[in-house]
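Everything below concerns the one structure shown next.
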Amino acid sequence: MDDVFDMIDTRKPGVTDMDIKLAEELLGIGFPSQYKELFKQSNNAQIDEWTLFKEAKNLNKTWDDIVRQNLDVRDEGMADDLLCIGEDDTGDKLCFRIVDAAIDGKIYLWYWPLI
């Protein structure tokens, strides 16, 4: 985890365990422990061209929170077994895959569909 934290460009304050628990409840899935640790260290982290979504305390005032993004991305055609955790400037998404009601621990790339 330290090697990932060293790659983060922004140092926005992290969130609390309660914030993470609320996001997990709203999404209906538990996050991997390393992912939780990252958000306790830095919320809305940026790594190279990727921005990780944040755990938002007020869903009505932010577009880039993980709950809102996962509700909206379903309308864009993303599969239900993916949990979107970040994106780049082109709209491509970083995702976890949900297998048997749990996150498999790998990160996947979902390319924005060209229409």
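Which residues, counting only those in the range 20-35, are hydrophobic (A, V, I, L, M, F, W, C), assigned to a helix (DSSP H, G or I) and closer than 14 Å to residue 95 by Cα?
Within the range 20-35, the subset hydrophobic (A, V, I, L, M, F, W, C) is 20, 22-23, 26-27, 29, 31.
Next, from what is left, pick out any that are assigned to a helix (DSSP H, G or I): 20, 22-23, 26-27.
Within the range 20-35, just 27 meets the criteria.
Can you pull out every residue in the range 83-115 that is among the β-branched types (Val, Ile, Thr) and part of a loop (DSSP other than H, G, I, E, B)?
To start, the set of residues in the range 83-115 that are among the β-branched types (Val, Ile, Thr) comprises 85, 90, 98-99, 103, 107, 115.
Result: 90, 115.
The set of residues in the range 6-37 being out of contact with any helix residue (DSSP H, G or I) (no Cβ under 7 Å at 6 or more places or on another chain), within 23 Å of residue 97 (Cβ to Cβ), at pLDDT 85 or above and not basic (Lys, Arg) consists of 22, 24, 25, 28, 29, 32, 33, 34, 35, 37. Pairs linking a residue in the range 79-105 that is more than 17 Å from residue 51 (Cα to Cα) to a residue that is loosely packed, with under 12 Cβ neighbours inside 10 Å and of a type in the set (Lys, Arg), with Cβ atoms under 9 Å and 6 or more positions apart or on different chains, are 97/106.
The values are calculated or read from the model by the stated rules, or taken from the named source; none is laboratory data. Predicted, not measured: the structure shown is a model, and the values here were computed from it. Here Cβ is always computed from backbone atoms with ideal geometry, including for glycine, and neighbour counts include all displayed protein chains.
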